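Just so you know, all these numbers are worked out from the coordinates, no wet-lab data involved. As the structure is a computational prediction, the values presented were derived from the model and not from experiment. Because the Cβ atoms are built from the backbone with ideal geometry, glycine has one as well, and the counts that use them run over all protein chains shown.
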Amino acid sequence: MAPETSVKLKFLAGGIAIGIVVWWILGFTVFGWVTGGTAQERIDKAVLPLAAEICVKNFKTDPDFVKHLAALKKEDSWQRGNYIEEKGKWAVMAGDDAPKYGVADACVEKLSDLLK
């Protein structure tokens, strides 16, 4: 290979490497790219209030609502989320096997007026 070809290839490789780094930096800072974990966190944060409303509706429409409300009032405040998750499964959304993180606690927060 001729010396000038070798130099051109080095410049080409360096330019490509710098271009890739700049592209990634611009993508994450200017173009709004996010990692999969960040995207999932944003989705969960956006869905949490809706899931909590569904949980409240499920709790209030339970045939044994009065009994469960009395039992929930007797629970320590820090145990109420566990009660919602485990006793009635009101925080489990359709298609899920278990409640999403934070739904039961958000549900209890929305039920706070009834718990006084």
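Here are some notes:
- Put in line by how crowded their Cβ is, counting other Cβ atoms within 10 Å and starting with the fewest, F65, F31 read F31, F65.
- Rounded Å value of the spacing that divides the Cα centres of region 60-111 and region 1-15: 66 Å
- Packing, as the average of other Cβ atoms within 10 Å across residues, places the peptides 108-116, 22-30 in the order 108-116, 22-30, highest first.
- Relative contact order (percent, whole number), the chain, Cα cutoff 8 Å, 6+ residue spacing: 27 percent
- Computed helical MRE - 222 nm, the chain, DSSP H runs ≥ 4 contributing -39500 (n - 2.57), nearest 500: -22000 deg cm²/dmol
- Extending 7 Å from the Cα toward the beta-carbon at both D62 and W33 defines two label points whose distance is 4.6 nm.
- Under the Karplus curve 6.51 cos²θ - 1.76 cosθ + 1.60, θ = phi - 60°, whole-Hz ³J(HN,Hα) for region 6-14, x wherever Gly or Pro sits: 4, 5, 5, 5, 5, 5, 4, 4, x
- Simple label model, 7 Å out from Cα along Cβ direction - D97 to A13, nm: 4.9 nm
- Compared with the alpha-carbon gap, the fully stretched path from A71 to V47 is longer by 5.9 nm at 0.36 nm per residue.
- Dipole-positive endmost among I20, A70, G102 within the chain (Cβ charges, Cα centre): I20
- Straight-line cross-link partners of K116 among the lysines, defined as a Cα under 25 Å from its Cα and at least 8 positions apart when in the same chain: K57, K60, K67, K73, K74, K87, K89.
- Distance (nanometres) between label positions extended 7 Å along Cα→Cβ at V21 and K87: 5.9 nm
- From the coordinates shown, Rg/Rh (Cα atoms, Kirkwood Rh) corresponds to which of (1) 0.96; (2) 1.08; (3) 1.46: (3)
- Backbone geometry of region 26-36 corresponds, through the Karplus equation with coefficients 6.51, -1.76 and 1.60 at θ = phi - 60°, to 3J(HN,Hα) couplings of 5, x, 7, 9, 9, 8, x, 5, 9, 6, x Hz, x marking Gly and Pro.
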